[in-house]
1. Just the Cα atoms of segment 74-146: what Rg and Dmax do they give in Å?
2. Please determine, in degrees from 0 to 90 and to the nearest 10, the orientation of helix 18-29 with respect to the longest principal axis defined by the Cα atoms of the chain, where the helix direction is its Cα long axis.
3. So, in Å, what gap is there between the alpha-carbon centers of segment 134-164 and segment 62-102?
4. Can you tell me how segment 172-317 classifies by the Cα gyration tensor, rounded, prolate or oblate, using a/c under 1.5 as the rounded cut?
5. Where does the charge balance sit around ASP17 when Lys and Arg score +1, Asp and Glu -1, over other residues with C-beta under 15 Å from its C-beta?
6. Which number do you get for Rg(Cα) / (2.2 N^0.38 Å) in the chain?
7. Which three extents, in whole angstrom, do the alpha-carbon atoms of segment 1-70 cover along their principal axes, largest first?
8. What number, rounded to the nearest 500 deg cm²/dmol, is the helix-based mean residue ellipticity at 222 nm of the chain, given -39500 (n - 2.57) per DSSP H run of at least four residues and division by all its residues?
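The values are calculated or read from the model by the stated rules, or taken from the named source; none is laboratory data. Remember, predicted model here, so these are calculated numbers, not experimental data. So basically every Cβ, Gly included, is an ideal-geometry build from the backbone, and we count neighbours across all protein chains shown. These area figures cover heavy atoms from the full protein model, side chains too; ligands, DNA and RNA do not enter into them. Shrake-Rupley method; radii C 1.70, N 1.55, O 1.52, S 1.80 Å.
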Amino acid sequence: MSEHTGPVERSEVAGRDVDEARDLFAGAYNAGSMVIEPTESDFTFRYTAIGDDELTLRGTQFDGHVTGTVLTQGEYIVSWLTGGSGVTDLAGDPVRLVHGQPAMFANNRLAEFDFTDYRQNLMHFDGTFLERVAGEVEGTSGPILFDTTARPTGEHLRRWAASVTSVARVIYDDASPALLRAEANRAAAVALLETFPHTALHAPVEIGVPSGGKTRAAVEFMIANAHLPIRTEDVAEAIGMSQRSLQSAFRKEHDITAIDYLRRVRLDRVQEELRKADPGRATVAEIANRWGFAHLGRFSASYVNRFGEYPSATLGS
């Protein structure tokens, strides 16, 4: 918990001027190449924000068609539509947003979007704050890479919605003391970490931290698509690099090949599933096979090398 939560700030901007709307969103989201066009209704917009230097709750209303790019840096953003339509990350792994179902913004790379006559709620987490909370509850450090394709459903979605309602009640109440607001901010951060799959980019020492934009984008693509039969050429194509350049970048930064990095991402996924699985129903073999490890002996050796225990021990713990 932070002892230095800043004062609550409120803001609201609304109007009908396209240039004013474009300037507002360019400043709030590093929006580039933003094109705003009228639809059947006259163009209007509204933007609200309330919160402190750790967390802000925001709302966007647009009567019009808007396209462009956003670049999220220094913060982590989750949003959900309450009206209209929207598609995000058009140049990456396009995802059509569903009303009431939250989705993470791509981080530290341009993401294209296309929205029409929409209403959107957002939560902006300060990057340093969220990474500190992740360190406290997960033992990680440094930047966090969220799976932007993940969509919580069922009990995960219900818990998330309940958490948002509880946190919003505190943040919107002017009478909430600073300590209560700080606890609400932390509760929201923990809920985000529990709801959305993610990986800390501090990574084990033998992997290293992606420092370049292209390499970081490659890692994000691998994490988002590790469940698919992707190859290094798919990774290279997705981030606009040649295979040779991709391999060279990974050898330089991590001293391993790109495919070895992908295998380690999949090993991490196996470990996550083993920890959650019922040892009376699940088997190591079926979970390993699901993540592309066909040879159980070689998989077991790789698992022990990475985590210091046999996969059966993880399953039984």
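1. For segment 74-146, the Cα-based Rg and Dmax read 13.7, 42 Å.
2. Between the helix axis and the principal axis of the chain, the angle is about 40 degrees.
3. When both Cα centres are located, 18 Å separates them.
4. Taking the square roots of the gyration eigenvalues as a ≥ b ≥ c, segment 172-317 is oblate.
5. Overall, the nearby charge balance is -3.
6. Compared with the compact-globule rule of thumb, the chain sits at 1.08.
7. The Cα atoms of segment 1-70 stretch 48, 21, 16 Å along their principal axes.
8. -13500 deg cm²/dmol
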